[in-house]
Amino acid sequence: MARIVCFANQKGGVGKTTTCVNLCAAVKEKRRKILLVDADPQGNATTGMGADKHADVTLYDVLIRGTDPKEAIVTTKYGDVLPSNLELSGAAVELVDAPEREKVLKKALEPLRESYDYIFIDCPPSLGLLTLNALAAADTVLIPMQCEFYAMEGLADLMTSMRLTKNSINPNLQIEGIVLTMYDRRLSFAGQVANEIRQYFGKALYKTVIPRNVRIAEAPSHGKPVSAYSRLSRGAEAYDLLAIEFFRHNHTIDI
Ligand SMILES: Nc1ncnc2c1ncn2[C@@H]1O[C@H](COP(=O)(O)OP(=O)(O)OP(=O)(O)O)[C@@H](O)[C@H]1O
Ligand SMILES: [Mg+2]
């Protein structure tokens, strides 16, 4: 039975998609069955996995037309993908009147659990209905954070959303862990921010830190995760180590 992990942080550009795609590929390489669900209308995870953003059937059809997700799923070398594109931004509006509007994704993904070891959901940078659907569907939340001055800002809002979701629709929701991304050792405040995050989250903070690495940034334009684009890069190595820690990490914390 798959564990469903959503990658959330309403702060934009902190490495949600990059971590979702590259951890997915690293997990797949370790012979686990994995599905990446792209819940962001930007469709970055879809292209990052080398899947087609202009697919005939996407997550939009699953959420709005009740299409069987199996019809939308595409298989790539790096894991299966349930693709999305800009059309999904319409779903955020159209779902507003749907019955149990926060549970539409949960209901769609539940039957897929038996086919995978893990299902990853890449969230958009907002706390709107798409992210709420992801939080409702997930067992755990993995929070990518960038070690910048404003890292902690907005975290309180994310915690509030997670708490509300837990209290109202998903009582078992837990934090999978926090991953520091785009880490630059040369910046002295990066270490300070990391310490602050460690104090707040304790062991839920992953020991593996993702460095700022140009290969990671280049890989999506080739439709590949970094491991396939530049096998020996520091970025590929970091995500490989993250996958190993992800399998062993058992410090999920209550929200
Ligand atoms: N470790 C890294 N080293 C270098 N560049 C990175 C790294 N991680 C992410 N990036 C780059 O930073 C940008 C933002 O990353 P990403 O798209 O993963 O963030 P996001 O949180 O998903 O953004 P959004 O909130 O828009 O969905 C991208 O251009 C990505 O290529
Ligand atoms: Mg993203």
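What are the pairs with Cβ atoms under 8 angstrom where one residue, in segment 66-79, is assigned to a helix (DSSP H, G or I) and the other, located anywhere, is among the charged types (D, E, K, R) and surrounded by 13 or more Cβ atoms within 10 Å (Cβ to Cβ)? Sequence gap at least six, or different chains.
GLU71/ASP61; ALA72/ASP61
Taking segment 1-50 on its own, how many of its residues are assigned to a loop (DSSP other than H, G, I, E, B) and either within 14 Å of ILE119 (Cβ to Cβ) or in contact (Cβ under 8 Å) with a residue 60 or more places away in the chain (or both)?
First, pick out the residues of segment 1-50 that are assigned to a loop (DSSP other than H, G, I, E, B): 1-2, 8-15, 30-33, 39-43, 49-50.
Within this subset, residues satisfying the condition of being either within 14 Å of ILE119 (Cβ to Cβ) or in contact (Cβ under 8 Å) with a residue 60 or more places away in the chain (or both) are 1-2, 8-15, 30, 32-33, 39-42, 49-50.
Selection size over segment 1-50: 19.
From THR18, THR75, grab the single residue that is surrounded by fewer than 24 Cβ atoms within 10 Å (Cβ to Cβ) and either within 13 Å of the chain's Cα centre (by Cα) or of a type in the set (Val, Ile, Thr) (or both).
Values: THR18 fails: surrounded by fewer than 24 Cβ atoms within 10 Å (Cβ to Cβ).
Checking each option against the conditions leaves just THR75.
Just the residues that are modelled with pLDDT under 95 and in a loop (DSSP other than H, G, I, E, B), please, taken from segment 213-255.
Of the residues in segment 213-255, the ones modelled with pLDDT under 95 are 248-255.
HIS249, ASN250, HIS251, THR252, ILE255, listed by residue number.
The values are calculated or read from the model by the stated rules, or taken from the named source; none is laboratory data. This one's a predicted model, so the numbers in the text were calculated from it and none came from an experiment. Don't worry about glycine lacking a Cβ; one is built from the backbone with ideal geometry, like all the others, and counts go over all protein chains shown.
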